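To keep things clear, I will list the structure first and then write my remarks on it.
The values are calculated or read from the model by the stated rules, or taken from the named source; none is laboratory data. Only a predicted model underlies this, so the values are computations on that prediction, with no experimental measurement involved. Using ideal geometry, Cβ is built from the backbone for each residue, glycine included, and neighbour counts are taken over all protein chains shown.
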Amino acid sequence: MEKVQWKVEGMTCANCALTIHKYLEKEGMNDVKVNAIGGDVSFEMNGVHTKEEIAKGIEGLGYNVAGEGELRSPRKKILSTALERFWFCFPFTALIMLNMIPGVHIHFLMESWVQLALCLPVYMVGMSFFGRSAAKSLRNGMPNMNVLIALGATAAFVYSLYGTLIGDAGQYMFYETAAAILTLVFLGNYLEDSSLRSTQRALNSLAKSQKVMANMIAYDNEHQEHIFPVENTQLKVGDLILIKTGEQVPMDCKIMWGDAHVNEAIVTGESTPVHKHAKDKLIGGSVVHYGTVKAQVTAVGNDTILSGIINLVKQAQGDRPPVQQLADKISAIFVPVVIGIALVTLVANWIVIGDFTHALMRSIAVLVIACPCAMGLATPAAIAVGLGRGARTGILFRNATSLEMFKNIKQVVFDKTGTLTTGEFEIANYSLSRVASLQSSTEKNLDESEFLSGEDFKKLVYSVEKYSNHPIAKCITREWSPRTPLERTTYEIKWSKVEELKGLGMKALDKDGNKFCVGSYKLAEKFTIENKHSIYVIENDQLLGWIDLKDEVRPEAKQVVDYLHSRNIKTILLSGDRLEKCQQLAGELGIDEVIAEQTPEQKLKKIAELNGVAPTVMVGDGINDAPALAKATVGVSMSEASQIAMQTAQVVLMGSGLKNLPTALGLGRHTYLTIKQNLFWAFFYNIIAIPVAAFGFLTPTFGALVMGFSDVVLAINSVRLFVKKVV
């Protein structure tokens, strides 16, 4: 299915996002995600409708598809922003309200026809936005906040117009109320937009770093090198570029010549420069701290790592986590309920105080002070900041639900190799026990001596392990690989079949049917009682030899485990490695429980059992960890992990190591706390404000002003997450 990502303008609250979400689902779109704050909309086409039809349908709801250049180029309209509309309305409204200032009395401004002339432009601009949006939302059965604003302003305007037409303006003069409501709500919308845009600042800073100048290398007919400055958007895969000290890496690339110290904080959150050499990859957006390199572009546009991160965070911001469900349900019925309360207020006050004018003003105040936006934006605003800070710190959340789930975590399960240890193995020793039947495989005769030669043993192990992505296999192939491609063609053994035995190792068959296995002690336990080695090599059910490896514990592992214990979170080591090694590591780090010698299937079953006891985080990095990562309450993988592990996990730690795990947990917990604070404010505001307006303790004008600031308070509270201490 085709994935569509658009930027949609005109969404003022979560109710708008809900309207678009329901429309797209009704049209049969899949995987719909709508971000009310950023205006990002993504979905998968179902093949029934065209993109033009869907875009037209969204515009029929009252919104504008602005980021969809293939269909149409964006048109700049007059008075297209809240700020422009506010400044247009402000002079007219200020003149109408001039006589309300104590000591000011301008007689001609008191004339009803003058006030009508001043109010009419404001009302027309207001209705072109609020009225049109309200009408479309009503037509689609999803009334939004603009219905309340349009009703309140129209009631005041029509009531005043009636008085002007019958010549009794003194009893019906409320043009200033209609103008003030519309003008102040425009101001509130601008302040709200500005506040909510600040919740996107981490993501915006990532996006801005994508457009820079690059030094492209080109050669003339005489093979002379020339440097041309170009914008990085003009680069293509395969282009050569020069990157010097202090410059930003323009696109993902691979170093062809030179070395440099590179600051990758924009992606990993780690400001310490990383030393990069020839053949190392550079991430677009990182900065060369020191050094000069020539590099070849490996990815451009949406294929770069940074673009992938930005798109993933945008999609995650469009998720609706469980905590938002209650607010969504209330927002969906909020507008009809408020209209009902306003009608009851009008009738009750008219009966009690016997004055229709005062009763009408109170009902208008109810309409304009009610704010469904606050409830609808309580969760998205906090989620946007939480995900943005995570991206800036080097923590990539694939969905908003995983961010929320961290609040309940009671136990953390660690894989061993590549997670608690560096995964950068070194071969410490190896030993041979007997000769192998490799005559046909190597296409040469070996000495029928008691032992296989060291070179042939290396050749055998290398030829099998090169087909695996396991960190141990990578270590062996790295250390025992032939130096040149030419040597490699004669060095490698040709197999008729190679397969990976999950959780055990590798198996290969040569063309004569000889079976060779390279893997853990479980493969060799029938042939030897010596179980202290890392890798065993077996031919046709007979032991050939073994390999001992050494692996370093990650320097931050102890600190992370201690932090988890300080939060009363249980720690568990779940590994396929031998029990003795796992117990030794657990004792060194202070891990509470050890579950060793587990196959991937056993890991999956154990995670399911642990989930049944308490919400569980699984941290891993290998192919063998992928099922367990998917099964855990929250799966966390390292950025160096296998692709399948990264795709399965809900959270990816982009920096090298575990050091960002406490931040991820703390960020999840504090994001949920911020959501609860926002929801409390939203409910408290509406529960208090609506009765206060109904009993006549504030004017519609003041109500419009307070309503606009309610969302600003919410946004400011969310923005606190950027600087709040979460660990």
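Computed values, structure above
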{"read-out": "So residue 138, is it touching a residue at least 40 places away in the same chain (Cβ under 8 Å) and closer than 25 Å to residue 20 by Cα", "value": "no"}
{"read-out": "Counted residues, region 168-185 - those being surrounded by 20 or more Cβ atoms within 10 Å (Cβ to Cβ), polar (S, T, N, Q) and at pLDDT below 85", "value": "0"}
{"read-out": "Among residues of region 90-110, those that are among the polar types (S, T, N, Q) and either at pLDDT below 75 or over 13 Å from residue 178 (Cα atoms) (or both), counted", "value": "1"}
{"read-out": "The one condition in (1) more than 29 Å from the chain's Cα centre (by Cα); (2) buried (at least 19 other Cβ atoms within 10 Å of the Cβ); (3) not polar (S, T, N, Q) that residue 574 fails to fulfil", "value": "(1)"}
{"read-out": "Extreme residue, nearest to residue 584 (Cα to Cα), among residues of region 512-522 that are free of Cβ contacts under 8 Å to residues at least 60 places away in the same chain and surrounded by fewer than 18 Cβ atoms within 10 Å (Cβ to Cβ)", "value": "515"}
{"read-out": "Spans of strands (runs of 3 or more DSSP E) in region 555-671 with at least 3 residues hydrophobic (A, V, I, L, M, F, W, C) and in contact with a strand residue (DSSP E or B) (Cβ under 8 Å, 6 or more places away or on another chain)", "value": "570-574, 616-620, 634-638, 651-653"}
{"read-out": "Per-region count, region 259-306, residues of a type in the set (Ser, Thr, Tyr) and closer than 16 Å to residue 655 by Cβ", "value": "4"}
{"read-out": "Qualifying residue in region 171-188 (condition: in a strand (DSSP E or B) and either assigned by TED's automatic domain parsing to the domain that holds residue 119 or of a type in the set (D, E, K, R) (or both))", "value": "no"}
{"read-out": "Selected residue (only one of 544, 504, 589 is assigned by TED's automatic domain parsing to the domain that holds residue 628 and either out of contact with any Pro (no Cβ under 8 Å at 6 or more places or on another chain) or modelled with pLDDT under 90 (or both))", "value": "589"}
{"read-out": "Residue list for region 265-279, restricted to those being closer than 13 Å to residue 249 by Cα and either surrounded by fewer than 17 Cβ atoms within 10 Å (Cβ to Cβ) or among the charged types (D, E, K, R) (or both)", "value": "276"}
{"read-out": "Condition broken by residue 726, with the remaining ones in (1) among the hydrophobic types (A, V, I, L, M, F, W, C); (2) part of a helix (DSSP H, G or I); (3) at pLDDT 85 or above; (4) under 30 Å from the mean Cα position of the chain (by Cα) satisfied", "value": "(2)"}
{"read-out": "Qualifying residues in region 375-420 (those that are touching a Ser or Thr at 6+ places or on another chain (Cβ under 9 Å), of a type in the set (D, E, K, R) and closer than 19 Å to residue 654 by Cα) - the one surrounded by the most Cβ atoms within 10 Å (Cβ to Cβ)", "value": "415"}
{"read-out": "Region 658-691, subset in contact with a Gly (Cβ under 9 Å, 6 or more places away or on another chain) and among the polar types (S, T, N, Q), residue farthest from residue 617 (Cα to Cα)", "value": "674"}
{"read-out": "Qualifying residue in region 641-657 (condition: farther than 23 Å from residue 316 by Cα and not polar (S, T, N, Q))", "value": "yes"}
{"read-out": "Any hit, region 602-622, residues being modelled with pLDDT under 95, aliphatic (A, V, I, L, M) and closer than 18 Å to residue 423 by Cβ", "value": "yes"}
{"read-out": "Subset of region 690-727 that is of a type in the set (Gly, Ala, Ser) and touching a Leu at 6+ places or on another chain (Cβ under 7 Å) - its residue that is nearest to residue 352 (Cα to Cα)", "value": "704"}
{"read-out": "Positions within region 86-107 being outside any helix (DSSP H, G or I) and touching a residue at least 24 places away in the same chain (Cβ under 8 Å), in sequence order", "value": "97"}
{"read-out": "Matching residues, region 164-203, being farther than 30 Å from residue 312 by Cβ and among the small types (Gly, Ala, Ser)", "value": "167, 169, 170, 178, 179, 180, 188"}
{"read-out": "Any hit, region 266-274, residues being without any contact (Cβ under 8 Å) to a residue 40 or more places away in the chain and either assigned to a strand (DSSP E or B) or touching a Lys or Arg at 6+ places or on another chain (Cβ under 9 Å) (or both)", "value": "yes"}
{"read-out": "From 661, 679, residue being modelled with pLDDT under 90 and either in contact with a helix residue (DSSP H, G or I) (Cβ under 8 Å, 6 or more places away or on another chain) or hydroxyl-bearing (Ser, Thr, Tyr) (or both)", "value": "679"}
{"read-out": "Some residue of region 338-361 being charged (D, E, K, R), under 30 Å from residue 393 (Cβ atoms) and not assigned by TED's automatic domain parsing to the domain that holds residue 241", "value": "no"}
{"read-out": "Test set (1) modelled with pLDDT of 90 or more; (2) crowded, with 21+ Cβ neighbours inside 10 Å; (3) in contact with a Leu (Cβ under 6 Å, 6 or more places away or on another chain) - residue 294 fails condition number", "value": "(2)"}
{"read-out": "Every pair of residues 6+ apart whose Cβ atoms lie under 8 Å, when the first sits in region 370-386 and is among the hydroxyl-bearing types (Ser, Thr, Tyr) while the second is assigned to a helix (DSSP H, G or I) and at pLDDT below 80", "value": "379/14; 379/324; 379/327"}
{"read-out": "Candidate set from region 429-461 (those that are loosely packed, with under 12 Cβ neighbours inside 10 Å and either in contact with a strand residue (DSSP E or B) (Cβ under 7 Å, 6 or more places away or on another chain) or at positive phi (or both)); member that is modelled with the lowest pLDDT", "value": "443"}
{"read-out": "Residue check for residue 79: at pLDDT below 85 and closer than 18 Å to residue 184 by Cβ", "value": "yes"}
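Yes/no matrix, rows are residues, columns are (1) among the β-branched types (Val, Ile, Thr); (2) within 41 Å of the chain's Cα centre (by Cα); (3) surrounded by 14 or more Cβ atoms within 10 Å (Cβ to Cβ):
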position: 463; (1), (2), (3): no, yes, yes
position: 467; (1), (2), (3): no, yes, yes
position: 470; (1), (2), (3): no, yes, yes
position: 496; (1), (2), (3): no, no, no
position: 524; (1), (2), (3): no, no, yes
position: 531; (1), (2), (3): no, no, yes
position: 539; (1), (2), (3): no, no, yes
position: 544; (1), (2), (3): no, no, yes
position: 560; (1), (2), (3): yes, yes, yes
